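See structure below.
The values are calculated or read from the model by the stated rules, or taken from the named source; none is laboratory data. As the structure is a prediction and not an experimental result, all values here were calculated from the model. FYI the Cβ positions are ideal-geometry reconstructions off the backbone, even for glycines, and counts take in every protein chain you see.
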Amino acid sequence: MSKKKNVSLKTNQAWCKGCGICVAFCPVKILELKKDKIHITDKEKCIKCGLCELRCPDFAIYLEEEENGQ
Amino acid sequence: MAVASKLIENNFRMNRLPHIWCPGCGHGIIMRGIAEAIENLGYDKEKVCIISGIGCSSRAPGYMDFNTLHTTHGRALAFATGVKLANPDLKVIVVSGDGDATAIGGNHLIHAARRNIDITTIIFNNNIYGMTGGQYSPTTPHGDLGTTAPYGNVDNVFDICRLAEGAGATYVARGTVYHAKQLEKNIENALKNKGFSVVEGISICPTYYGRKNRKGNAPEMMMNLKDTTLDKKVAAKLPQEKVEGKLIIGEFVNKSQPEFCEEYHKIVDKFTKED
Amino acid sequence: MVSKNVKLMQGNEACVEGALAAGMKFFAGYPITPSTEIAELSAQKLPRVGGKFIQMEDEIAGMAATIGGSLAGLKSMTATSGPGFSLKQENIGYAMLTEIPCVIVNVQRGGPSTGLPTAPSQSDVMQAKWGTHGDHPVIALTPSSVRETYDLTIQAFNFAEKYRTPVFLMMDEIIGHMREKIEIPDSSEIEIFDRVTPEESEKETYKAYDNSLEVPKMAAFGKGFRFHVTGLMHDEFGFPKNDTTVTEILMDRIMGKIENNLDDIILYDEYYTEDMDLLILSYGGTVRSVLSAVREAQRNGKKVGVFKAKTLWPFPEKRIVELSKTVDKIVVAEMNLGQYFYEVDRVAGKNCEVSLLGKANGEPITPTEVLNKIEEVL
C-alpha cells in the first residue's frame, strides 16, 4: 500500500459495478455509491492507503501517481 | 486519459475490460493479485503463459496480456503440463476454480503435484459452480444450499491445501480476497518456487453462493472472511478452542525438491550433450 | 552404391519411425493395448533426439498435453485405442476449433467398451468422423502395411502442419502388431511440411485466426506474439465472441480449409479398376485379404477391382462415384458391422448395388470370406 503523497485517488465509473466493497472498507469513510457507481465524497481526507484499489474486483478505483506539471 | 492504474494497463488487455464477473465477485481481486505478483517479480511478459479450464475463474486469462490458453473443463493442468514440458523456459500459471480443479480436474491436480512440475496453480475457490448458476461443488460446506442441493449439501468438502500437500506439491498456501495483500504475497512466493505450487484463493460469490445461503452482500461476505479465518502463525499461539472452526490461512508448504522438467532434461542431456 | 536401410519391424514401430522422420518432438499418452508400443518406443527414442515424452495420468490428459506441446511449438503426437479414443474426443474437438496441429494414432481394437483388447477391428471409422461434438473438419488416414504406416504417419504430420488441424492415423491391430520387412527411405526422399509461422515484423498485427488466410499462421507460445486461444467461438485474435456472424465465418473457414483441398488430402490406390464387373472397396488391414482374394479371382477370370482408401476422411466421394458408374456392384469389406459401407452406399447406391462384407468378432476378414463374397455377388 502506497504511502506516497504524490498519488491521488481516481475512479473509473464505467467499470464500477457498484458492489460496495471499497465503500465498506475505506478507513476514512470518504467513498459512497450513487446510482450504483462509486463516488469520492471528500478527496482531501483520503489517506492514500490503497485498500480500495487492492480489494476492488473491477479495477475501478485506484491511486494514480501524479506526474510533474500536472 | 487513463482509465486504470499502471498495474492494470501494463498487464491486462485493456480492450477486453471490464470483465464479465458479477458485481462483488472476488475473482477480480485474485486476478489483480496475480498481475501484481508477476510485475513484482519482473517476469518477461512474452515468457509468461496463463492457462485455464472452464468456469468463472477460467475467464481470467482472456483479460491478461500474456500467452493465454482457455482450455476444456478440468484439463488446464494437463494442457499446461504439455506446454511446460515442451518449453520449460515458459513461466506457466494455471488459474482454476474449486469445481474445475478438484472435481472434474481433480486427477490432473494430484498428478501435477506428484510430478512436482514447475507450474503455479491458483485456485479461485468460491464454494460453488457459478458459471452454471449455483450448483454445489467439492468445497461447498456440508449442509449448505446449492441449486442441486436444495435440501442441504450432504457431501463433505475437500481441504484443497491438504490435498495438494498430500499429493506432493512443494508450495502450498491459502489466502482470501479480504486478505488481498497476503494473498498476493502467497502468489509471489508460489511463482518463485521451482516446482508445483498451489495457492487456494478463497473468493466470494455473492450472486449464487451468497444469496442462496443468506451470507449477505459482497462487503458482508468479505467481512465474513475476516471473521472466520485465522492466520497460521496467529493460530499457532492461540489455545485450541479459539482455533476450532476457523479456516487457517497462510503458507503450509514451501520446500525444494527435484522438478519434473529438470529431471527429464537430465535424460535428454545425456543423449544430446555429448562432446 | 548406397546401402539400403532395410529393417524388420511391426506397424507400431514404423509409426514411431515415421513420426520421428516427420519431426515429432513431443509425445504424451497413456498405455493401452494394442497401441502401447508406440508410447514405449517414443519414450525410448524421443530424448535421444532432444524430444520429450510424458506418460500422463489418463487418456484425456494425454490428449491435452499433446495439444499443449504443439502450442509450445513442437510437433506432437499421441496414440491410443478405442476406449482411449472415446476419452480423448472432447479435447480433439478443442484442437479442431482452436486449430492446433497434432497427430492422434488409434490402433483400433474390438469394441464397444473394453471389447477385445488384443483383437483387430475397424470399428472407430465413424467415431473418427463424428466422435467429438459439433461440426468439424476431419482428416483420417489408414495404412494397410508396415511401410505404409511409416509413410502415412509422415503424411499425417504434414497434413496436420499444413492445415493446422489434428489428424487421425487410423491403424488396426493387424497392422499395429504385424511384422514386415520395410525399406526406410533416405531423409532426402522424404518431404516434410512445417507449420507456417508469423514473421517478427508481424508481432503488432498478428491474428492467430486470420480469416483472410485459409490456414492462419501459427505462432508458438513464448515467441513474442501473446495471443489468446479458447475453445469458445472466437474472433480473428482468438477472443471469445458470442456472435452468429463471427461463428459462421470461423466455421466456414475451418471446414473450407479441408473441403477446398480434397485433391491434396484424399489418397487411395486402385487395382484392376480399368475393366471390372465388381469393385471391392476396403482399407487398412482388411485390404490384405481383399487383394489376396482378388488376385485369386483374377486368375479365375473374374473381373474384380479394388479401391483401397488411404484417406478415410474426407470421404473420397468423387472417385467412388466415378467408379460406381463403371460397375454393377460394389462390396465394402471392413472389420465392423457397416460403417464406411453406409457412406459408400449413400454416394454410389444410385449407380450400382452396394453390399457389405462386415465382420466384428475379433477375427480378420479372411481371403476365403472375400472369395465367397465374390462368388455370391457375381
Original post:
β-branched (Val, Ile, Thr), over 22 Å from C:VAL167 (Cβ atoms) and not in a loop (DSSP other than H, G, I, E, B): does that describe C:THR245?
Top reply: yes
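Residue-by-condition table, conditions (1) at negative phi; (2) touching a helix residue (DSSP H, G or I) at 6+ places or on another chain (Cβ under 9 Å); (3) assigned to a helix (DSSP H, G or I); (4) among the aromatic types (Phe, Trp, Tyr):
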| residue | (1), (2), (3), (4) |
| --- | --- |
| C:GLU274 | yes, no, no, no |
| C:SER282 | yes, yes, no, no |
| C:VAL290 | yes, yes, yes, no |
| C:ALA293 | yes, yes, yes, no |
| C:GLU296 | yes, yes, yes, no |
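Here is a yes/no grid of residues against (1) among the β-branched types (Val, Ile, Thr); (2) within 14 Å of chain B (Cβ to nearest Cβ); (3) without any contact (Cβ under 8 Å) to a residue 24 or more places away in the chain; (4) more than 29 Å from C:GLY176 (Cβ to Cβ):
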site: C:MET218; (1), (2), (3), (4): no, yes, no, yes
site: C:ARG226; (1), (2), (3), (4): no, yes, yes, yes
site: C:ASP235; (1), (2), (3), (4): no, yes, no, yes
site: C:PHE239; (1), (2), (3), (4): no, yes, yes, yes
site: C:LEU250; (1), (2), (3), (4): no, no, no, yes
site: C:LEU267; (1), (2), (3), (4): no, no, no, no
site: C:SER292; (1), (2), (3), (4): no, no, no, no
site: C:ARG295; (1), (2), (3), (4): no, no, yes, no
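Yes/no per residue for (1) closer than 25 Å to B:PHE260 by Cα; (2) of a type outside the set (Asp, Glu); (3) more than 13 Å from chain B (Cβ to nearest Cβ); (4) under 19 Å from the mean Cα position of the chain (by Cα):
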site	(1), (2), (3), (4)
C:ILE54	yes, yes, no, no
C:GLY62	yes, yes, no, yes
C:THR66	yes, yes, no, yes
C:SER113	no, yes, yes, no
C:PRO117	no, yes, yes, no
C:PRO120	no, yes, yes, yes
Original post:
Quick one: in the range C:322-350, which of the residues that are in contact with a helix residue (DSSP H, G or I) (Cβ under 7 Å, 6 or more places away or on another chain) and within 15 Å of C:GLY305 (Cβ to Cβ) is surrounded by the fewest Cβ atoms within 10 Å (Cβ to Cβ)?
Top reply: C:LYS329
Original post:
Out of all the residues in the range C:253-260, is one or more under 22 Å from C:ALA128 (Cβ atoms), of a type in the set (Asp, Glu) and not assigned by TED's automatic domain parsing to the domain that holds C:GLY131?
Top reply: yes
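Let's see how each residue does on (1) modelled with pLDDT under 95; (2) over 17 Å from B:HIS19 (Cα atoms):
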| site | (1), (2) |
| --- | --- |
| A:LYS5 | yes, yes |
| A:CYS16 | no, no |
| A:LYS29 | no, yes |
| A:LYS37 | no, no |
| A:GLY50 | no, yes |
| A:PRO57 | no, no |
**OP:** Sort through B:GLY245, B:GLY210 and tell me the only one that's of a type outside the set (D, E, K, R) and modelled with pLDDT under 95.
**Re:** B:GLY245
Subject >> Verdict on B:ALA60 being among the hydrophobic types (A, V, I, L, M, F, W, C), under 30 Å from A:GLU66 (Cα atoms), within 14 Å of chain C (Cβ to nearest Cβ) and buried (at least 24 other Cβ atoms within 10 Å of the Cβ) >> reply: yes
Original post:
Can A:GLU44 be described as surrounded by fewer than 22 Cβ atoms within 10 Å (Cβ to Cβ) and either away from chain B (no Cβ under 12 Å) or polar (S, T, N, Q) (or both)?
Top reply: yes
Subject >> Only one of B:ASP89, B:ASP100 that is crowded, with 24+ Cβ neighbours inside 10 Å and either out of contact with any helix residue (DSSP H, G or I) (no Cβ under 6 Å at 6 or more places or on another chain) or of a type outside the set (A, V, I, L, M, F, W, C) (or both) >> reply: B:ASP100
Original post:
Just checking, which of B:ALA80, B:ALA35 is free of Cβ contacts under 8 Å to residues at least 40 places away in the same chain and more than 7 Å from chain C (Cβ to nearest Cβ)?
Top reply: B:ALA35
**OP:** Please determine, by comparing only the residues of the range C:74-110 that are under 19 Å from C:ILE154 (Cα atoms) and of a type in the set (Val, Ile, Thr), which one is farthest from the other protein chains (Cβ to nearest Cβ).
**Re:** C:VAL107
Original post:
With C:SER292, C:SER212 as the choices, which residue is surrounded by fewer than 18 Cβ atoms within 10 Å (Cβ to Cβ) and under 30 Å from B:ALA60 (Cα atoms)?
Top reply: C:SER212
**OP:** Name the single residue, out of those in the range C:35-52 being under 19 Å from C:THR118 (Cβ atoms) and crowded, with 24+ Cβ neighbours inside 10 Å, that is nearest to the other protein chains (Cβ to nearest Cβ).
**Re:** C:ALA39
Subject >> Selection count, the range C:72-91, where residues are touching a Phe, Trp or Tyr at 6+ places or on another chain (Cβ under 6 Å) and under 22 Å from C:GLY131 (Cβ atoms) >> reply: 2
**OP:** Consider B:LEU90 carefully, then state whether it is under 19 Å from B:TYR171 (Cα atoms), more than 7 Å from chain C (Cβ to nearest Cβ) and either modelled with pLDDT of 95 or more or in contact with a Phe, Trp or Tyr (Cβ under 7 Å, 6 or more places away or on another chain) (or both).
**Re:** no
Subject >> Residue under evaluation C:GLY134, criteria (1) under 30 Å from B:PHE66 (Cβ atoms); (2) buried (at least 24 other Cβ atoms within 10 Å of the Cβ); (3) in contact (Cβ under 8 Å) with a residue 40 or more places away in the chain, criterion not met >> reply: (2)
Subject >> Sole residue being within 11 Å of another protein chain (Cβ to nearest Cβ), of a type outside the set (Phe, Trp, Tyr) and farther than 24 Å from B:ILE34 by Cα, chosen from B:LYS181, B:LYS266, B:LYS226, B:LYS246 >> reply: B:LYS266
